[in-house]
Amino acid sequence: MSNPKKSPFYDIHLKNKAKIVEFANYLMPIQFRGMMEEHRKVRSSVGLFDITHMGEFEVWGKDAESFVQRMTTNDVSKLDTYQVQYSCMCYDHGGIVDDLLVYKLPDHFLLVVNGACLEKDFQWLSDHLSGDAQVKNVSEQTALLALQGPKAELVLKRLTDRNLSDLRFYWARWGKVNGTEMLFSRTGYTGEDGFELYFSPDHAEGMWNALMEAGKEFDIEPIGLGARDSLRLEMKYMLYGNDIDQTTIPLEAGLGWIVKPNKGDFVGKEPILRLKQEGLKRKLVAFELQDQAFPRPHYEIQKGGEKIGQVTSGTFSPSLNKGIGLGYVPIEHSKADTEFDILIRGKAHRALVVKPPFYKDFTHK
């Protein structure tokens, strides 16, 4: 897009000498000190991410729950108030519109979607409204920070009087952080313990500075989207547009655990059930390179010199010190310990299918 937005932390990123790129129609920091160092900081201590590019929709009305239930694959009727759920929305043919978080709040639902899908998602939801349900796009009124790492709780508890030790993974609460009332949740996309904080952009600079000051003892650092990508890949977390898209049925991506056919009708249910009955023909697998090469998206996956798929996500893993990746392959090549080759600059490099996540020592609770 021609006029990318600036997050409310943009000037802070410039002061911190961030490398800025356009991402999801925002000018966002891809790295500060360096992706590898930032990645390792989050795994070992704590880091602060600006993820304001994400989209936030509120769903209001007495039919809000039934609407969200119909538009998402997971079962929102199982949620308690302030509980968070990972889910996805599907098209009529079963392909994925987007993956998202669903927050059940006292009087409405909050849907957190991928920034690159924001406009498409909002249109999709708006086109399917029925009954007493309204969808409100509050993305522009929402600043979003992710405090991630094994020391995250020690940092945040210095800024809030709310008890954090009893806040479980994928639960949220309202409370004051640095004097500002906000919604925060024990969630994140790194595999480490951590929190995501939703608040008014008016408090952006003060909130960032307070979190950085509170984390000084643990050598907190600002972390860019580059490290966020390698952290999520080590956990085999999905990246929309790479690992899942409108051509992907959730079962193929290993997302059957967020599809609940017994809950009743939802968009995409029939083709998903049909695929389950017929059996998968392809599957998203996690693989590790057996030498020091590392894969990139779109690299060919080969077996016996023949193309059987392509890499959807790939990088050098700072935690494992080896190349890792994801890709769709025919079901007969998807079992753990299966070997195939990744074609990198014309040369075949041996890869081994492994059971995810790649990184096993994560700290999320």
By how many nm would the segment from Lys355 to Asp291 grow when fully extended, if each residue of separation counts as 0.36 nm and the alpha-carbon distance is taken off? 21.2 nm
Over segment 169-238, what lengths in whole Å, largest first, do the semi-axes of the equivalent ellipsoid take, defined as the square roots of 5 times the eigenvalues of the alpha-carbon gyration tensor? 22, 16, 11
Kirkwood Rh and Cα Rg combined as Rg/Rh, segment 124-181: 1.12
Would you please give the FRET efficiency between Lys276 and Glu217, computed as 1/(1 + (r/R0)^6) with r the Cβ-Cβ distance and R0 = 35 Å, to the nearest 0.05? 0.10
Among Asn114, Asn74, Asn242, which one moves the most in a GNM of the chain with springs linking Cα atoms closer than 10 Å? Asn242
Candidates Gly226, Gly131, Gly34, ranked by Gaussian network fluctuation over the chain, Cα under 10 Å, top entry: Gly131
Most mobile of Gly188, Gly47, Gly254 per a Gaussian network model of the chain (Cα springs, under 10 Å)? Gly254
Using just the C-alpha positions of segment 281-365 as equal point scatterers, what log10 of I(q)/I(0) does the Debye formula give at each q in 0.12 1/Å? -0.31
Please report the spacing between the Cα centers of segment 203-220 and segment 31-99 in Å, no decimals. 24 Å
Determine the gain in length on full extension of the stretch Gln246-Trp174; use 0.36 nm per residue of separation and subtract their C-alpha separation, reporting nm with one decimal. 22.5 nm
Inverting the mean 1/r over all pairs of different Cα atoms, compute the Kirkwood radius of the chain and quote it in Å. 21.3 Å
Rounded to two decimals, what is the ratio between the C-alpha radius of gyration of segment 122-274 and 2.2 N^0.38 Å? 1.25
Hey, rough spin-label estimate for Val21 and Ser165, points 7 angstrom out along Cα→Cβ, what's it come to in nanometres? 4.1 nm
Taking amide H positions as placed 1.01 Å from N in the peptide plane, with prolines and chain starts having none, which residues 5 or more places from Ile244, or on another chain, fall under 5 Å of its amide H? Leu239
Only loop residues by DSSP count here, and only those with at most 15 other Cβ atoms within 10 Å; note down the trypsin sites (Lys or Arg not before Pro) in segment 1-75 that meet that. Lys17, Lys62
Taking the radius of gyration and the Kirkwood hydrodynamic radius from Cα positions alone, what is the Rg/Rh ratio for segment 55-139, to two decimal places? 0.91
Could you compute the FRET efficiency for His128 and Tyr82, with r as their C-beta to C-beta distance and R0 at 22 Å, rounded to 0.05? 0.25
So Asp92 and Asp337, fully extended at 0.36 nm per residue minus their Cα-Cα distance, gain in nm 84.7 nm
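All of the numbers you see were taken from the coordinates with simple rules; none came from a lab. Fair warning: this is a prediction, and the values are worked out from it, not measured in the lab. No Cβ is skipped: glycine too gets one built from the backbone with ideal geometry, and neighbour counts run over all protein chains shown.
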